[in-house]
Structures are given as C-alpha cells and as structure tokens.
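Working notes, beginning with the structure itself.
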Amino acid sequence: MGYTVAEKIIKAHLIDGSLVQGSEIAIKIDQTLTQDATGTMAYLQFESMGLDRVQTEVSVSYVDHNTLQEDWKNMDDHRYLQSVAARYGIWFSRPGNGICHQVHLERFGLPGKTLLGSDSHTPTGGGLGMLAIGAGGLDVAVAMGGGAFHLVMPHIVGVKLTGKLQGATSAKDIILELLRRETVKGGVGNIYEYFGEGVSSLSVTQRATICNMGAELGATTSLFPSDEKTRAFLEMRGRGSQWVPLQADSDAHFSRIIEIHLDTLKPMIAQPHSPDNVVPVESIAGIPVDQVVIGSCTNSSLEDLAAVAAIVKGKVIDPRVSAGITPGSRTTLLAAEKAGILGELIRAGFRILESACGPCIGMGFAPKSGGVSVRSFNRNFEGRSGTADAKVYLSSPETAAAAALTGKITDPSQFIIERPNLDTYLLEGIALAGDAMLIPPLALEEAKKVVIERGPNIKPCPSPVPIADTVSLPVLLKTGDNISTDDIMPAGAKVLPLRSNIPEISKFVFTRLDPDFWKRAQEAGACIIVGGSNYGQGSSREHAALAPMYLGVKAVLVKSFARIHKANLINYGILPLIFVNPEDYTTIDQQDILEFTNLYNILDRGESTFEIFNTSKKQYIKVKLDVDERSRHILRAGGLVPYTRGGGK
C-alpha cells in the first residue's frame, strides 16, 4: 500500500514509533518559527538548555503581534528577541516586516520539510507541501535544541477537490464549507490532505489560506501536494532550485474522504461567534455592517488585495462602514503599490494598517459597541475583536469588499472580478523589499560575543510544583463547551505586553468568564477547572496553561480537549482529565471539592482510568488520563522542564 504526502514526510522524519494511527511517534523538526507574543517565553526556556546555537536547519523569530507600543514593555521584548536571535543563530524578522506565516511562506517554507511553530496557524506552510504544526512555546524550544517533537500519529483525512472555483468564490469559501461540515472539533487527531483535479487550479497562496484556517477544525495540520504551482511560487521568489515534487501514491489510503465540488461552491460566511457557524452568504444578505477588515495571516496576500481592488475600483465604501486593510508582509505592500492596487484601496476609502496581526488579536481597529464587523480573518470568538458585544462574521476578501461597498452583508457574485497576473509586480515588490527587515544569523564566534538585552518586563519562567500524591481540590470554575484559549488567557493591547511577565499576566486568567478568578485562586492555593467539550480550542498560546499553573491549577477535568492546549497542560504539569461518563459533568458544581488519592501509583503504573471522590456530593466519578507513557513521566516530574532536567526519566 502506498503513502499519502503526510505519511511520506512523517516517515522521512521519524525518530521513534511507527505509522500506526493512534500510536505515539516522535519526529525530527527541520524549521521552527516563533512570534513575539509566544517567543519571549520560548527563548527564555531555550536559554535554560545551555546550548550555544539552535540545532535546526532554520529558526526564525518574528515580531508581528505586539507592535502597538503604548509604553516600554513591547519594545523591551523586541530588543530581547533580537539579541537572543543574534546570540543563538536565529533569523530575526523586524517589526513591520510582516505576519510570520505570510513571511515564512514567502522566504523559508519548503515542500517536504517539517515546521514547528509557537502559533496555532503554523499549518499555513502546508500550502507549500510542508508538514507544518502549531505547538506551545516549550515544545518549540525543545525542537530548537535538537529534541524530537512528540505527537500521536494522526488519521489522514483526504479532501478531494473537483472542478474549479467560479466567479467571486474563493479559497476561503472552501475551508468555510469544510468547517460547516466538520465543525471546530471535528478535526481533532486528523491531518487533512487535499488532492484531486481541483488542486491544480489553486495557487499556493489560496492553498495556504485553506491550510491556515484548518487550525479552526482542531486538526493537527493540513497540507497540499507539491506540484508545478508550488515550483512556480518558489521560482517567483528566487527559490526555484529548492523545489521538490511531492504527491500521494496512487494506492495511498485515507481514513476517510470528503469531496468538495468547486464548480458549485457558493460564497460562504461564518456567523458569530464560532468559525463553524457557517452559512451561504446569500442566506443572510442584507444585514447592516459597521466595519470591514481584510487581512490577517489568512487572507493578506497580494492575490487577496488584488481581488478587493478589482471590486472597489472606481467606487467608494459605504458612508456607514469603517474599512481597513492589513497587508501580510512588507513585500506584499510594496508589490501592491507597484501594481496600483494600493492606490485603488486608498481611493476607495480603506485605511491601510500595519503589516501585522493587529485587529485579528484585538490589537486596534475594534468595532463599535454592539457593532457588526465582517472580517477575512480566521476566528470570531466572542470578545476577541476587543469589543465584548461585537458581532464578528468571517468571510472571503471578496465578500468583505462587497460588504464595504454596500454597507450590508452582500453576495459578491454580483461583482465582476478581473484577476490580473501579478508575477511582475511580485518580483518588483521582492526586489524593493530586500533583506533590510530580515536579519540573518551571525556566525558562531560573533554570536558568542552578543550580550542579551533584558528589560524589566522580562521575568524568569516560573517552575511548576508537582501535584501531591493525595490532594483535595476545589472546583474553582465550571465552564461550558468550546472554551477557547482567548477565554482562558485573553489577548489584546492590555494583556499581550505582559507575555514575558507571568506574575502580572496571571491576573487576567479567565477574566472574561469570572473577573474574580485571580483573587479566588490566590485564596485557594490549589484548584481544579471543570469544563465541557473541545476545551482549549483556538490559539496555541501556552500562557493559557502556564498562567493557570502559576495560580495553582493542578488539573482540568473536561469532556474533551483541543490538541495543542492538552499538550501545553502536560508540559506545565497540569493533569488533563476527561470524564469517562460525560453525564457526570452535570453532577459537579463550582466550589465542590474533588479528592485525588494514590496519584503517584496511577502515573507510575500507567493506569488510564481511575476514580476521584466528590466530597461535597459524596459520590465517586470515573475519569480518564488519556496520555502516553512519556507524558505520564512528564506529569509525574511536574512538567517538561523538570522532566528534561532529570534526564527525561
């Protein structure tokens, strides 16, 4: 039996385990990326390893999240990141150079390589035929040190694309349709691999959009084959010699196959407040719109901006709409200027925002109170925009542009879109951008002379305290389903600058759900969180595990976990438990006391199912610790750092 593209890459990088779905494997990582919201902690952890240099083929530190500099904190972090990059052989992408996923696709991504990034949208690289996976910063630090990345061998789900996109329908509509079918938790434990005749009609940037938002499925990653479109993309960026073809074998086996007919696909839109609340645009057309934002790591390429410019050319946005554009990179911005795209957008009334994550993570351009915002982004969790009661819709750039012109949600099919050949402008943009904003690694001897800059906001990473053998934990918070890492650890201009200061950022844990959580956690000393299904969806931010660990959260008991968050909990010594009987969730109330006994024996012997006692209700609850042997040892040690210091035992 042949192999899928994903299996071929995994097989070539396999260090331990076998290609048996559901079993633990360890793979070698070729490339890593970090961004500034997660990078400071990742590099503090890497420094503690005592190495002179990263052990990967390529590691890149991007500054794209914390670019609003209201005081000294963000720039202090940027100086730390730049000096660490110089010291340890890491590329540094300066503020303003662009969004990490867009820049990495343009400058470093390669088919057949593995990429581990401390951002959940790292799978964007799958558009180039990479195995690109999002993870917590601690896992990325280990990979930079030459360590393997451990995961459960995913199921490979084939997505067969037939036909060709028509009119104003775009790649964003493909992934929105898949989210409509699969939901935000349907992809847990899966890799989505695209194949079929429809693949050849999609550009690499279109493929990247699909892979990027595959993170919203809860998937391990998504990827496309490497074909002539991939070769052309690399050649246009001066990297054609690095192209390798990569296709699934004709007799490759998929766990299951989903088929999407591109010919008949309609423009789609995700309604508030979840990326899978998807309907055809035409079904909700007419809803008044207050704001439109186009960009983010999902839809900020030159191709996306050109589609918007084609729709708004010679027109002006509706008077009631505030509209903004975030170009994905400095290269894209310069190419858009050379192509005349930028001028069309400005004349139409768009505000040109910095090439950064910006509004997608609540860093500026927040909607009005109760406002409706149509965004070509990847997440519309409640409050993520920076406005608690805003209603955020997710759409393609084409649908967003139509809304900007009409002042209401509008099917873009009524607009004729001319899609120009952008190759010449792209080359000019690359030539104009140069490498001034991308700083290469220093030679080892020069790197050793670098003095790392540490401002007062850079604090050491707190060490976890292992859970006791017998412990009684109050249920400090009970949550519902689909709790995101934004709910656990908010982003935004107020919180993000504290990412390198755990004592301060911990004061914001769960503030959206319970403003008094930090105070109650201080009083409790140790506690447990109880939640529903798909707990920890969304961003890879390890602070959603690190800050709760600092506050004394010892265990989280839920119906099911999102993949990255579960791994982060393990890395920081927090027990990730699931209900054996989901109906037991209803029997637990906030402030109940749950008693754990003989935990060390349970961890040492590898018991996956055991009972805990609700002392408040006088009843036993059966729970499961669904982790592999290595993770049990990590939990026994109190986290990945003490486990590693102990020699991995």
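Once region 195-240 is narrowed to residues that are among the acidic types (Asp, Glu) and at pLDDT 95 or above, the residue that is nearest to Thr298 (Cα to Cα) is Glu216. On the stretch given as region 190-240, residues that are assigned to a loop (DSSP other than H, G, I, E, B), within 24 Å of His155 (Cα to Cα) and either more than 20 Å from the chain's Cα centre (by Cα) or not polar (S, T, N, Q) (or both) total 6. Out of Val103, Val60, one residue alone is touching a residue at least 24 places away in the same chain (Cβ under 8 Å), among the β-branched types (Val, Ile, Thr), in a helix (DSSP H, G or I) and within 24 Å of Thr205 (Cβ to Cβ). It is Val103. Confirm whether Asp589 is of a type in the set (Asp, Glu), closer than 20 Å to Asp487 by Cα and either assigned by TED's automatic domain parsing to the domain that holds Gly186 or at pLDDT 95 or above (or both). When the stated conditions are applied, Asp589 passes them.
Among the residues of region 424-451, the one identified as loosely packed, with under 13 Cβ neighbours inside 10 Å, among the charged types (D, E, K, R) and touching a residue at least 40 places away in the same chain (Cβ under 8 Å) is Lys448. Could you please give the count of residues in region 107-153 that are in a helix (DSSP H, G or I), modelled with pLDDT of 95 or more and surrounded by fewer than 24 Cβ atoms within 10 Å (Cβ to Cβ)? Residues flagged as in a helix (DSSP H, G or I), modelled with pLDDT of 95 or more and surrounded by fewer than 24 Cβ atoms within 10 Å (Cβ to Cβ) within region 107-153 amount to 0. Of the listed requirements (1) assigned to a loop (DSSP other than H, G, I, E, B); (2) closer than 20 Å to Gly492 by Cα; (3) not hydrophobic (A, V, I, L, M, F, W, C), Asp52 misses just one: (2). So, Glu235, is that one without any contact (Cβ under 8 Å) to a residue 60 or more places away in the chain, farther than 24 Å from Ser322 by Cβ and surrounded by 14 or more Cβ atoms within 10 Å (Cβ to Cβ) or not? Against the criterion (without any contact (Cβ under 8 Å) to a residue 60 or more places away in the chain, farther than 24 Å from Ser322 by Cβ and surrounded by 14 or more Cβ atoms within 10 Å (Cβ to Cβ)), Glu235 qualifies. Filtering region 63-91 to residues that are more than 20 Å from the chain's Cα centre (by Cα) and either of a type in the set (Lys, Arg) or outside any helix (DSSP H, G or I) (or both) leaves Leu68, Gln69, Glu70, Asp71, Lys73, Arg79, Arg87, Gly89, Ile90, Trp91. Just so you know, in region 314-364 the residues that are among the charged types (D, E, K, R) and surrounded by 21 or more Cβ atoms within 10 Å (Cβ to Cβ) include one that is modelled with the highest pLDDT, and it is Glu344.
Just one of the listed residues (Tyr572, Tyr585) is under 16 Å from Tyr535 (Cα atoms) and not hydrophobic (A, V, I, L, M, F, W, C), and it is Tyr585. Checked against the criterion of being in contact with a Phe, Trp or Tyr (Cβ under 6 Å, 6 or more places away or on another chain), assigned by TED's automatic domain parsing to the domain that holds Gly218 and of a type in the set (A, V, I, L, M, F, W, C), the candidates Val103, Val58 yield just one match: Val58. Beta carbons closer than 8 Å, at least 6 apart along the sequence or on distinct chains, pair a first residue in region 332-354 that is under 22 Å from Cys100 (Cβ atoms) and in contact (Cβ under 8 Å) with a residue 24 or more places away in the chain with a second that is part of a helix (DSSP H, G or I) and hydroxyl-bearing (Ser, Thr, Tyr) for Ala335/Tyr425; Ala336/Tyr425. Among the residues of region 482-495, is any among the acidic types (Asp, Glu) and in contact (Cβ under 8 Å) with a residue 40 or more places away in the chain? Yes: one or more hits.
If only residues of region 365-382 that are over 24 Å from Glu177 (Cα atoms) and touching a residue at least 60 places away in the same chain (Cβ under 8 Å) are counted, the one that is surrounded by the fewest Cβ atoms within 10 Å (Cβ to Cβ) is Lys368. Checking region 254-262 against the condition returns a match, with at least one residue being under 24 Å from Phe561 (Cα atoms), under 26 Å from the mean Cα position of the chain (by Cα) and of a type in the set (Lys, Arg). Residues in region 405-441 that are over 17 Å from Leu333 (Cα atoms), part of a loop (DSSP other than H, G, I, E, B) and of a type in the set (D, E, K, R): Asp411, Glu418, Arg419.
Considering region 184-226, the residues that are under 18 Å from Ser396 (Cα atoms) and polar (S, T, N, Q) include one that is surrounded by the fewest Cβ atoms within 10 Å (Cβ to Cβ), namely Ser201. Go through Ile602, Ile621, Ile593 for me and flag whichever is touching a strand residue (DSSP E or B) at 6+ places or on another chain (Cβ under 6 Å) and over 27 Å from Val188 (Cβ atoms). After ruling out the rest, the residue left standing is Ile593.
Close contacts from region 176-202, counting a first residue that is on the phi > 0 side of the Ramachandran plot and a second that is surrounded by 18 or more Cβ atoms within 10 Å (Cβ to Cβ) and part of a loop (DSSP other than H, G, I, E, B), with Cβ to Cβ under 6 Å and a gap of 6+ residues or different chains, come to Thr183/Asp276; Gly189/Pro154. Residues that are assigned by TED's automatic domain parsing to the domain that holds Asn277, at pLDDT 95 or above, among the aliphatic types (A, V, I, L, M) and in a loop (DSSP other than H, G, I, E, B) do not occur anywhere in region 378-389.
The values are calculated or read from the model by the stated rules, or taken from the named source; none is laboratory data. Predicted model only: the values in this text are computed from it and were never measured. Please note: Cβ atoms are built from the backbone with ideal geometry, for glycine as well, and neighbour counts cover all protein chains shown.
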